[in-house]
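The values are calculated or read from the model by the stated rules, or taken from the named source; none is laboratory data. All of these numbers come straight from a predicted model, not from anything done at the bench. Positions of Cβ are backbone-derived with ideal geometry, glycine not excepted, and every protein chain shown enters the neighbour counts.
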Amino acid sequence: MTTQPKASHFIDGQYVEDTAGEIIEVIYPATGAIIARLHAATPSIIEQALTSAKRAQKEWATWSPTERGRVLRKAAQIMRDRNHDLSVLETYDTGKPYQETSVADATSGADSLEYFGGLIASITGEHIPLGEDFVYTRREPLGVCVGIGAWNYPTQIACWKAAPALACGNAMVFKPSETTPLCALKVAEILHEAGAPAGVYNVLQGYGSVGASLITDARVDKVSLTGSVPTGRKVYAAAADGLRHVTMELGGKSPLVIFDDADLENAVSGAILGNFYSSGQVCSNGTRVFVQKGTKDVFLERLSARLAGVKMGDPQDPDVNFGPMVSDRQRQIVEGFIAKGLEEGATLITGGKRVDRGGFFIEPTVFADVTDDMTIARDEIFGPVMSVLDFETEEEVLARANDTVFGLAAGVFTADLTRAHRMAAGFEAGTCYINTYNDAPVEAPFGGAKLSGVGRENSKAAIEHYSQIKGVYVRMGDLDAPF
Ligand code: NDP
């Protein structure tokens with residue numbers, strides 16, 4: 001497969017290049033090899049994208065919701081038909097194992113396109129009777145939306161933003177992370193192949209500065225960011241200047257609470273999925289694993305035994321289940337946290353080292369005896385590092401679980417039905433799990449509380465974030481005026 005795209009950007013229905021833009025080298029994280037060279041968007045490319053989106057949106061919004069939905073559903077089908085190639089590309093872009101990408105990326109993107117493509121025609125306004133008079137509401141698009149993506153799920157993030165935005169009649173200009181710029185171009189290609197008019201979905205490349213100049217453009221009505229909290233603060237502040245709508249999907253340091261009565265193997269599975277899937281580069285990961293004291297030893301024993309099943313290697317090999325970090329920089333960040341964990345007195349149970357092979361591999365790492373004040377228990381690491389903390393009572397663990405500035409996700413494993421729901425109600429988090437972890441079906445809302453975000457992606461809730469309601473008052477009789 002060729003990983004070099006036809007050009008760096010996809011604007012107004014076609015690939016566009018401007019070699020004056022700064023070079024972006026795309027690196028296969030499993031080997032460190034350069035697999036593509038792209039150019040960051042120049043002011044001229046940004047102008048083309050916004051002009052095209054602004055023009056296209058007006059026409060797209062006149063299509064009936066069923067017609068728009070048909071395009072999205074056709075795009076979903078094309079994505080499914082090309083799942084293999086798209087998954088191989090996702091693996092080159094991110095280093096995530098094909099074993100994961102073949103079931104979690106283009107498939108999740110297709111689900112999103114299919115769901116919003118199916119939903120949109122049934123979203124209608126209201127009729128509000130006022131005696132003879134009445135008000136009716138129209139649900140209208142916002143206009144031009146800017147999407148800015150993180151590097152961990154490039155196809156999924158592109159689709160999670162495109163699908164509700166386009167379904168509602170908006171146009172989008174999407175900027176992927178410069179670390180993983182390849183997959184969103186395929187999403188754009190597929191949407192246009194499925195019949196989206198030129199300009200409805202544009203992709204341009206660039207570093208943070210390109211995203212920053214998009215946000216403040218007068219033609220932009222909404223910004224949807226998936227990224228870290230510090231970037232979220234900057235983007236939110238920049239969007240506020242024009243009172244633009246925002247969706248912020250940001251970072252987390254989520255708790256996963258395991259009670260003594262939990263099914264142990266399921267709890268260990270939850271902890272593995274919530275810490276080591278995608279080599280830990282998942283925003284909603286349950287990286288603070290609170291284990292009740294009676295279970296701690298047997299939990300660590302089973303976890304260590306199960307970690308023997310980790311198979312590292314070329315992520316394109318379907319038998320490999322653990323890939324590298326996305327970049328050398330990210331690996332260095334993770335190593336810094338591991339050093340902090342050791343320095344601050346956590347017990348290293350397993351892992352902690354680089355793997356002696358090409359690429360940016362690091363071992364799955366488990367720390368026990370972690371306390372709430374340690375850096376590894378407070379900061380988002382975004383790598384395969386699990387912190388195990390002990391607790392005794394439900395009341396105590398809930399207070400400690402919530403003692404964080406983040407609020408993206410939280411999970412509980414227990415056999416006690418009422419306790420499970422009490423915990424879910426008590427967690428200060430946007431997305432909670434009972435006896436599972438990290439499922440993200442498109443039917444369910446996904447997003448964060450506290451510093452983890454604003455707004456929700458997926459589910460009917462996303463419609464609220466890509467549309468606005470207009471109320472229309474209709475008077476049936478004569479109108480009195482004071483003079
Ligand atoms: P960053 O916050 O570094 O970057 C996110 C995106 O924003 C990138 O495309 C980046 O471009 C761009 N950007 C950076 N600065 C600006 C700016 N001033 N104005 C506009 N755009 C800007 O995140 P990462 O890519 O490092 O991704 C990891 C983070 O994303 C983690 O914190 C993780 O938790 C979070 N995340 C959240 C998810 C969620 O749904 N809640 C899902 C996945 C990840 P560039 O890369 O060129 O700097």
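Can you work out which of the residues in region 14-26 that are touching a residue at least 60 places away in the same chain (Cβ under 8 Å) and touching a Phe, Trp or Tyr at 6+ places or on another chain (Cβ under 9 Å) is surrounded by the most Cβ atoms within 10 Å (Cβ to Cβ)?
Val26
If you check Ser279, Ser304, Ser284, which single one turns out to be part of a loop (DSSP other than H, G, I, E, B) and either within 16 Å of the ligand (Cβ to nearest atom) or modelled with pLDDT of 95 or more (or both)?
Among Ser279, Ser304, Ser284, only Ser284 is part of a loop (DSSP other than H, G, I, E, B) and either within 16 Å of the ligand (Cβ to nearest atom) or modelled with pLDDT of 95 or more (or both).
Can you name every residue in region 429-450 that is crowded, with 18+ Cβ neighbours inside 10 Å and of a type in the set (D, E, K, R)?
Matches in region 429-450: none.
Would you be able to say whether some residue in region 214-231 is assigned to a strand (DSSP E or B), over 16 Å from Glu47 (Cα atoms) and away from the ligand (no atom under 11 Å from the Cβ)?
Checked region 214-231: at least one residue is assigned to a strand (DSSP E or B), over 16 Å from Glu47 (Cα atoms) and away from the ligand (no atom under 11 Å from the Cβ).
Given the condition out of contact with any Cys (no Cβ under 7 Å at 6 or more places or on another chain), surrounded by fewer than 21 Cβ atoms within 10 Å (Cβ to Cβ), over 30 Å from Ala462 (Cα atoms) and among the small types (Gly, Ala, Ser), answer yes or no: does some residue in region 255-265 qualify?
no
Would a scan of region 357-364 turn up a residue that is part of a helix (DSSP H, G or I) and buried (at least 21 other Cβ atoms within 10 Å of the Cβ)?
No: region 357-364 contains no residue that is part of a helix (DSSP H, G or I) and buried (at least 21 other Cβ atoms within 10 Å of the Cβ).
Mind listing just one residue for me: the one in region 174-210 that is in a helix (DSSP H, G or I) and within 15 Å of the chain's Cα centre (by Cα) and, of those, farthest from the ligand (Cβ to nearest atom)?
Per the stated criteria, the residue is Cys183.
When the residues of region 287-301 are filtered to those that are in contact (Cβ under 8 Å) with a residue 40 or more places away in the chain and assigned to a helix (DSSP H, G or I), which remaining residue is surrounded by the fewest Cβ atoms within 10 Å (Cβ to Cβ)?
Residue satisfying both the conditions and the ranking: Lys293.
Residues that are under 26 Å from Val326 (Cα atoms): which strands (runs of 3 or more DSSP E) entirely in region 1-48 hold 3 or more of them?
23-27, 34-39
Among the residues of region 389-405, are any farther than 21 Å from Gln292 by Cα and buried (at least 24 other Cβ atoms within 10 Å of the Cβ)?
No.
Yes/no matrix, rows are residues, columns are (1) farther than 15 Å from Ala75 by Cα; (2) in a strand (DSSP E or B); (3) at pLDDT below 95:
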{"residue": "Gly109", "(1), (2), (3)": "no, no, no"}
{"residue": "Tyr115", "(1), (2), (3)": "no, no, no"}
{"residue": "Arg138", "(1), (2), (3)": "yes, yes, no"}
{"residue": "Asn152", "(1), (2), (3)": "yes, no, no"}
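Quick grid of which residues meet (1) surrounded by fewer than 24 Cβ atoms within 10 Å (Cβ to Cβ); (2) under 22 Å from Gly251 (Cα atoms); (3) in contact with a strand residue (DSSP E or B) (Cβ under 9 Å, 6 or more places away or on another chain); (4) touching a residue at least 12 places away in the same chain (Cβ under 8 Å):
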| position | (1), (2), (3), (4) |
| --- | --- |
| Leu113 | no, no, no, yes |
| Gly118 | yes, no, no, yes |
| Pro129 | yes, no, yes, no |
| Phe134 | yes, no, yes, yes |
| Cys145 | no, yes, yes, yes |
| Thr155 | no, yes, no, yes |
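Residue by residue through region 80-121, note down the ones that are touching an Asp or Glu at 6+ places or on another chain (Cβ under 6 Å) and under 18 Å from Lys311 (Cβ atoms).
Selection gives Thr101 alone.
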